[in-house]
Amino acid sequence: PRGAGTPPPAPLGARDLPATGWDAVQRARAVRRPRAEAYLAAYFEHRVPISGDRCGGADPEGMLCGFGAHEGRTVAYAAQTGTATRPAGYRTAARLIRLADRLGIPVLTLVDTPGAANDAEAERQGVGASIADLFGAVAGARVPITTLVIGEGGSGGALALAAPGNTWATPDSYFSVIAPELAAAILKRGPGEVEATADQLRIRPQDLVELGVIRGVVGEGRP
């Protein structure tokens, strides 16, 4: 938000990088890992939330959206909370980004979800279309968008919030097209091969930097 190439401040969680892919998954899923609320509270002096997708839905437990003050500047935020994001959450985030774009306000997005909700109700509410709409809002924004992956970055449900060319990650996070358990199942591998599959997916923050998926790891090695 302070510029197209500037990540948010150092993370609140781990500083050392995970040794293996499965280590990255376990750290991202850890109960005590800082969640979106902790990051937002540390980054902003005060916040004004917005809620609702203007279609009658809301996802207050899965997506936190609003505007906050940071070092005298207004910044919009859309932050996943670690749960499976509902269609209304994606629509609310798209609404926020388009509003911020009209007002010329930079945007911070926090990625933390095992994936989009995929139950029958989510399908009825148009989860696929809501994700596609958010992709469009992020891609079409003229204001700077900065993304920080703070936990699980699962599939398209996480990718929809990721800023092209300006996504960063914390040391206790991972970003993957599919969860290791699901990848192993698709490959017809047994439960004992899930950890090896996680390594092969190259989902650690340092792997993502090497692959060019993210720009860097925020807070690595800092005291």
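The values are calculated or read from the model by the stated rules, or taken from the named source; none is laboratory data. All figures in this text were calculated on a predicted structure; none of them were measured in a lab. A quick note on method: Cβ atoms are made from the backbone with ideal geometry, for glycine too, and the neighbour counts reach across all protein chains shown. Protein only, heavy atoms only, side chains kept; ligands, DNA and RNA dropped before computing areas. Shrake-Rupley method; radii C 1.70, N 1.55, O 1.52, S 1.80 Å.
Points to keep in mind about this one:
- Screening Thr74, Thr20, Thr113 for residues that are hydroxyl-bearing (Ser, Thr, Tyr) and within 18 Å of the chain's Cα centre (by Cα) leaves exactly one candidate, Thr113.
- Hits in the stretch 127-148 - residues which are open to solvent by 20 Å² or more (accessible area, probe 1.4 Å) and out of contact with any strand residue (DSSP E or B) (no Cβ under 8 Å at 6 or more places or on another chain): Gly128, Ala129, Ala132, Asp133, Phe135, Gly136, Ala139, Gly140, Arg142
- Options Gly157, Gly126; residue that is modelled with pLDDT under 95, over 30 Å from Arg73 (Cα atoms) and in contact with a helix residue (DSSP H, G or I) (Cβ under 8 Å, 6 or more places away or on another chain): Gly126
- Some residue of the stretch 99-109 being within 23 Å of Pro164 (Cβ to Cβ), outside any helix (DSSP H, G or I) and open to solvent by 60 Å² or more (accessible area, probe 1.4 Å): no
- Test set (1) closer than 21 Å to Gly216 by Cβ; (2) open to solvent by 10 Å² or more (accessible area, probe 1.4 Å); (3) modelled with pLDDT under 95; (4) more than 15 Å from the chain's Cα centre (by Cα) - Pro7 fails condition number: (4)
- Scope the stretch 116-126; condition touching a strand residue (DSSP E or B) at 6+ places or on another chain (Cβ under 8 Å) and open to solvent by 10 Å² or more (accessible area, probe 1.4 Å); matching residues: Ala116
- Residue in the stretch 61-78 that is outside any strand (DSSP E or B), at pLDDT 95 or above and surrounded by fewer than 19 Cβ atoms within 10 Å (Cβ to Cβ) present: no
- Condition met for Ala42 (closer than 21 Å to Gly136 by Cα, open to solvent by 40 Å² or more (accessible area, probe 1.4 Å), of a type in the set (A, V, I, L, M, F, W, C) and at pLDDT below 95): no
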